[in-house]
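A.B. asks: I have a structure I would like to understand better, so I am pasting it below and will then ask my questions one at a time.
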Amino acid sequence: MIWSIMRKLPPIFSLAALVLTIGACSARTAPDPTSAPVVTAAPLDLSVTSTPAAGSVVTGPVNVIALDFSAPVALGEVLVTGPDGKMPMMLSSAGQQRHFEIPLPGLTAGAYRVDWRASRNGIEQAGTFAFTVK
């Protein structure tokens, strides 16, 4: 289409139209110098072990869930879901630590899922594990 338009114009205009067309096609927008840079924090690389262990079958009742992190964290939330529904527990940890024990009202027979959320140096990580009480 551009070539058919350029053939109808005098030669000087054809060259100018070609230069303008190439310039418009290759133009890039410059970054906005007033916008703040986007900084994304790398996720934490925590390993977590628990008691009861993930995937385990234990004899009940279970009165405590223990979480052991590979580095000190501030544990912010634990949600235990089982046969009787959800038991959310908001926690205020006193500083960062590696070991947490969450007291429970005696979990009886059934399948349970534990979702946790922790942070370290302002970076948050969440995880989940499940176990069964017989």
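Rule-based calculations on the coordinates, nothing more; no lab input. Predicted model, so just to flag it, every value in this text is computed and none were measured. Virtual Cβ from ideal backbone geometry, glycine too; neighbours counted across all protein chains shown.
A.B. asks: Which distance in nm do the two modelled labels at Val48 and Asn63 give, with both placed 7 Å along the Cα-to-Cβ direction?
C.D. replies: So the label points at Val48 and Asn63 sit 2.4 nm apart.
A.B. asks: Leu91's amide H: which non-local residues (gap 5+, or another chain) put their own amide H closer than 5 Å, with H modeled 1.01 Å from N in plane and none for Pro or chain starts?
C.D. replies: Glu77, Val78
A.B. asks: For the pair Lys86/Arg98, report the inter-label distance in nm, with labels modelled 7 Å from Cα in the Cβ direction.
C.D. replies: Reported label-point gap for Lys86 and Arg98 is 3.2 nm.
A.B. asks: List the residues whose amide H sits under 5 Å from the amide H of Ser56, counting only those 5 or more places along or on another chain, with H placed 1.01 Å from N in the peptide plane.
C.D. replies: Counting only residues 5 or more places away or on other chains, the set is Thr132.
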